[in-house]
Ligand code: HSE
């Protein structure tokens, strides 16, 4: 049986899971693939740091050249994270004809085009399944199993930290800061949680997914981003009253010939399948023109779920070593960025919560300002707030972001407006 040698760059949470699978399941993988996969070397920063049991310490090296310049190593696996030096290492590996697997979403979202171009030129494979939503097999599914479809839309809960926080706020009526502190104590949120709670992590993943949906690259700055740090338990309570739950939703879709890509807190109907995805779980709903709706649910992070995606990529590459590289994998990452169309081409329904003075004429003024922008109100609720004030909550009919922003700017300027608390998208999933 032919042996395929593998070099691993990084041995943190994901890397140690990959090393464990490749060590423990070597016979199983040989039976399935017809190749003996041999983990040859592991690049680490510190050889003496303690590692999970079962990883041969003789494999560790602190010298990247020992892996990148080893002619016998055919597949390089990058699980170190960060842009530099991961990018240089992968370009060097590709340049010397090695196939590459990476779990690095930020690297692919920022430099995917450069890396896929290099892989195409050097006729090697670059596989990225683990870069999005850990254990969910979404990339290969979109690229291969759904290749017969035009992908019409993708709606995803692709950040476990924010889903944990929103789920706890919904179930227990607690405020964001309190739940965040608890998530940090349990290890579900980082000490600096900005990437997760402000939506940057989800934007990286959506950049990769939307290039598959749109069949063209997208630049990070083209993706509209709003985090969850301003969501209050009061918004969640109103959402419930109106029949919705709030999720940090990543959306890539085509509507009326225009593309949109956004990550934002979104109210979704309480009976929609994505509404029951709670805790740290991820889920992605795809609509293909032939296949219709398909939903994936599972663990989007963690050592073994992410290692599952990485090692599946390694096995797939091993079984394709005798063939020319699969051109399907690179195609969506090459060429000009997608054209998202003019800002008023996309319309959504919105929930707005405003604190106003409670006196005659206020409702009329706000109604007039909305009407001036041609914004029609679908649902309206007014509730007594602190003395002299009232909380006004309304959900609009579909309106462009631009028109909503203009109306909100004018409402903000009214003397009677105390505060605009929240503006949250509403997604009803109607065609
Ligand atoms: N921080 C991410 C999450 C996992 O909370 O889903 C890694 O992408």
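Assorted remarks:
- Matching residues in the range 133-161 - criterion: being part of a helix (DSSP H, G or I), within 12 Å of the ligand (Cβ to nearest atom) and in contact with a helix residue (DSSP H, G or I) (Cβ under 6 Å, 6 or more places away or on another chain): 161
- Any hit, the range 210-223, residues being within 16 Å of the ligand (Cβ to nearest atom), over 30 Å from residue 145 (Cβ atoms) and not assigned by TED's automatic domain parsing to the domain that holds residue 110: no
- Strands (runs of 3 or more DSSP E) fully within the range 249-305 that include at least 2 residues being away from the ligand (no atom under 14 Å from the Cβ), without any contact (Cβ under 8 Å) to a residue 60 or more places away in the chain and in contact with a helix residue (DSSP H, G or I) (Cβ under 9 Å, 6 or more places away or on another chain): 292-299.
The rows are residues; the columns are (1) buried (at least 18 other Cβ atoms within 10 Å of the Cβ); (2) part of a helix (DSSP H, G or I).
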| position | (1), (2) |
| --- | --- |
| 309 | yes, yes |
| 314 | yes, yes |
| 322 | no, no |
| 329 | yes, yes |
| 344 | no, yes |
| 355 | no, no |
| 380 | no, no |
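- Screening the candidates 119, 93, 130 for the property of being in the same structural domain as residue 322 (by TED's automatic domain parsing), away from the ligand (no atom under 16 Å from the Cβ), under 14 Å from residue 313 (Cβ atoms) and assigned to a helix (DSSP H, G or I) yields one hit, 119.
- Filter pass, residue 83 being out of contact with any strand residue (DSSP E or B) (no Cβ under 7 Å at 6 or more places or on another chain), within 29 Å of residue 156 (Cα to Cα) and part of a loop (DSSP other than H, G, I, E, B): yes
- Within the range 276-306, the set of residues being under 30 Å from residue 341 (Cβ atoms) and surrounded by fewer than 18 Cβ atoms within 10 Å (Cβ to Cβ) comprises 289, 290, 291, 292, 293, 294, 295, 296.
- Among the residues making up the range 188-201, those that are within 12 Å of the chain's Cα centre (by Cα) and either near the ligand (Cβ under 7 Å from one of its atoms) or over 16 Å from residue 230 (Cβ atoms) (or both) are 195, 196, 201.
- Output for the range 172-187, where each listed residue is away from the ligand (no atom under 16 Å from the Cβ) and touching a residue at least 24 places away in the same chain (Cβ under 8 Å): 173, 174, 175
- Comparison of 17, 97, 7, 54 shows that the only residue that is exposed (fewer than 15 other Cβ atoms within 10 Å of the Cβ) and modelled with pLDDT of 95 or more is 97.
- Options 123, 129: the member that is in contact (Cβ under 8 Å) with a residue 40 or more places away in the chain, under 17 Å from residue 326 (Cβ atoms) and buried (at least 23 other Cβ atoms within 10 Å of the Cβ): 129
- In the set 106, 168, 86, only one residue is within 13 Å of the ligand (Cβ to nearest atom) and within 22 Å of the chain's Cα centre (by Cα); that residue is 106.
The values are calculated or read from the model by the stated rules, or taken from the named source; none is laboratory data. Just so you know, these numbers come straight off a predicted model, no measurement behind them. Ideal geometry is used to build each Cβ from the backbone, glycine not excepted, and the neighbour counts take in all protein chains shown.
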